[in-house]
Amino acid sequence: MFGISFASLAIRFVFGGLAVALATVIASKLGGKLGGIFSTFPAVYLAALVTLAVDFRGQNLVQQSIHLSSGAVIGIIGCILSVAITAYAVRRIGFRRGAVFSVVSWFILSCIILALKHI
């Protein structure tokens with residue numbers, strides 16, 4: 001992913017930001033569990049996937065898409081595990097510490113999953 005252009009980065013920034021903002025508004029309007037579904041919208045992944053076409057063509061585009069998607073699988077597994085852990089942690093240690101714990105646990109779990117994938 002290091003061979004991407006500034007235009008691709010700008011498109012990802014705008015598309016990803018708008019998608020996150022829209023998902024947040026929808027989630028706040030729907031509330032509860034239905035809103036939670038929208039709060040997990042994969043905006044960053046979709047923005048990255050769509051904008052690969054700006055910098056890559058043909059078989060190279062396919063290979064970059066596969067590479068990106070493999071990383072996304074690792075990230076989502078880490079996300080699923082950290083959401084489950086965070087739901088428990090927020091109840092036990094409060095919102096603020098639980099939110100910090102969520103970010104830290106997601107990062108650690110994703111690194112562990114990545115390491116296991118490469119063993």
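Kindly indicate whether any position in the stretch 55-75 is buried (at least 17 other Cβ atoms within 10 Å of the Cβ) and among the β-branched types (Val, Ile, Thr). Yes, the stretch 55-75 contains a residue that is buried (at least 17 other Cβ atoms within 10 Å of the Cβ) and among the β-branched types (Val, Ile, Thr).
Here's a check for you: in the stretch 29-51, which residue that is out of contact with any Phe, Trp or Tyr (no Cβ under 8 Å at 6 or more places or on another chain) and at pLDDT 80 or above is surrounded by the fewest Cβ atoms within 10 Å (Cβ to Cβ)? The selected residue is Lys29.
Restricting the first member to the stretch 1-27 and to residues that are more than 28 Å from Ile37 (Cα to Cα) and exposed (fewer than 15 other Cβ atoms within 10 Å of the Cβ), and the second to residues that are among the small types (Gly, Ala, Ser) and modelled with pLDDT of 80 or more, the beta-carbon pairs closer than 8 Å and six or more apart or on different chains are Met1/Ala48. Scanning the stretch 83-100 turns up no residue that is surrounded by fewer than 14 Cβ atoms within 10 Å (Cβ to Cβ) and under 22 Å from Leu46 (Cβ atoms). Scanning the stretch 83-114 for residues that are under 15 Å from the mean Cα position of the chain (by Cα) and within 20 Å of Lys33 (Cα to Cα) returns Val83, Ser102.
The values are calculated or read from the model by the stated rules, or taken from the named source; none is laboratory data. Note that the structure is a prediction, hence the values are computed from the model and not measured. In this analysis, Cβ positions are derived from the backbone assuming ideal geometry, glycine residues included, and neighbour counts consider all displayed protein chains.
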